[in-house]
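Undergrad: Dropping the structure in here first, questions after.
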Amino acid sequence: MEIEIKSALTALLAAINSANGPAIVDGLTRLDHLLAAAPQGTLHPQLAHYLERRSYAKALALLDGGGPGGQTPPGGCGGREATTAKPTGAA
């Protein structure tokens with residue numbers, strides 16, 4: 001399954017980099033179908049985390065062995081649990 005996901009991610013990121021709208025839609029559809037077909041709990045937890053949040057570069061880096069130096073690309077999560085921001089002045 002991870003080989004197919006890696007292939008789909010590679011094609012999707014290439015489509016994004018080339019700003020090819022139809023290929024982006026096809027790539028997202030292919031990836032969504034692969035993820036829907038994966039039995040619950042079979043994906044690496046970190047991979048599932050990245051894919052659920054559509055952090056595709058991070059997911060691909062993880063599948064490639066964690067990226068340069070074993071690290072994934074920088075992003076907003078920083079390995080912390082997501083939090084909900086409160087509007088200014090909210091209690």
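The values are calculated or read from the model by the stated rules, or taken from the named source; none is laboratory data. Not measured: the values here are computed from a predicted model.
Undergrad: Does at least one position in the stretch 22-29 carry a residue that is modelled with pLDDT of 90 or more and more than 22 Å from GLU2 (Cα to Cα)? So that I can check it myself, show each step before the final result.
TA: Filtering the stretch 22-29 for residues modelled with pLDDT of 90 or more gives 22-29.
Filter once more, keeping what is more than 22 Å from GLU2 (Cα to Cα): 22.
So far as the stretch 22-29 goes, yes, one or more of its residues are modelled with pLDDT of 90 or more and more than 22 Å from GLU2 (Cα to Cα).
Undergrad: Moving on. Examine the stretch 46-62 for a residue that is among the polar types (S, T, N, Q) and modelled with pLDDT of 90 or more, and state whether such a residue exists.
TA: Scanning the stretch 46-62, I find at least one residue that is among the polar types (S, T, N, Q) and modelled with pLDDT of 90 or more, so the answer is yes.
Undergrad: Name the residue that is farthest from LEU47 (Cα to Cα), counting only residues in the stretch 1-28 that are small (Gly, Ala, Ser) and assigned to a helix (DSSP H, G or I). Break it down stepwise before answering.
TA: The first filter runs over the stretch 1-28 and keeps only residues small (Gly, Ala, Ser), leaving 7-8, 11, 14-15, 18-19, 21, 23, 27.
Now restrict to residues that are assigned to a helix (DSSP H, G or I): 7-8, 11, 14-15, 21, 23, 27.
Working: SER7: 14, ALA8: 14, ALA11: 17, ALA14: 19, ALA15: 21, GLY21: 25, ALA23: 23, GLY27: 17 Å.
For the stretch 1-28, the residue satisfying everything is GLY21.
Undergrad: Looking only at residues in the stretch 48-66 that are of a type in the set (Gly, Ala, Ser) and in a helix (DSSP H, G or I), which one is nearest to GLU4 (Cα to Cα)?
TA: Checked the stretch 48-66; the qualifying residue nearest to GLU4 (Cα to Cα) is ALA59.
Undergrad: Identify the residue in the stretch 29-47 that is among the small types (Gly, Ala, Ser) and part of a helix (DSSP H, G or I) and, among all such residues, is nearest to ALA57 (Cα to Cα). Spell out how you get there, then give the answer.
TA: In the first step, residues of the stretch 29-47 are kept if they are among the small types (Gly, Ala, Ser); the result is 36-38, 41.
Among the residues that remain, those that are also part of a helix (DSSP H, G or I) are: 36-37.
Numbers: ALA36: 20, ALA37: 21 Å.
Ranking the candidates gives ALA36 first.
Undergrad: Further question: Of the residues GLY89, GLY65, GLY69, GLY76, which is more than 12 Å from the chain's Cα centre (by Cα), at pLDDT 70 or above and small (Gly, Ala, Ser)?
TA: Values: GLY89 fails: at pLDDT 70 or above; GLY69 fails: at pLDDT 70 or above; GLY76 fails: at pLDDT 70 or above.
That would be GLY65, the only listed residue that is more than 12 Å from the chain's Cα centre (by Cα), at pLDDT 70 or above and small (Gly, Ala, Ser).
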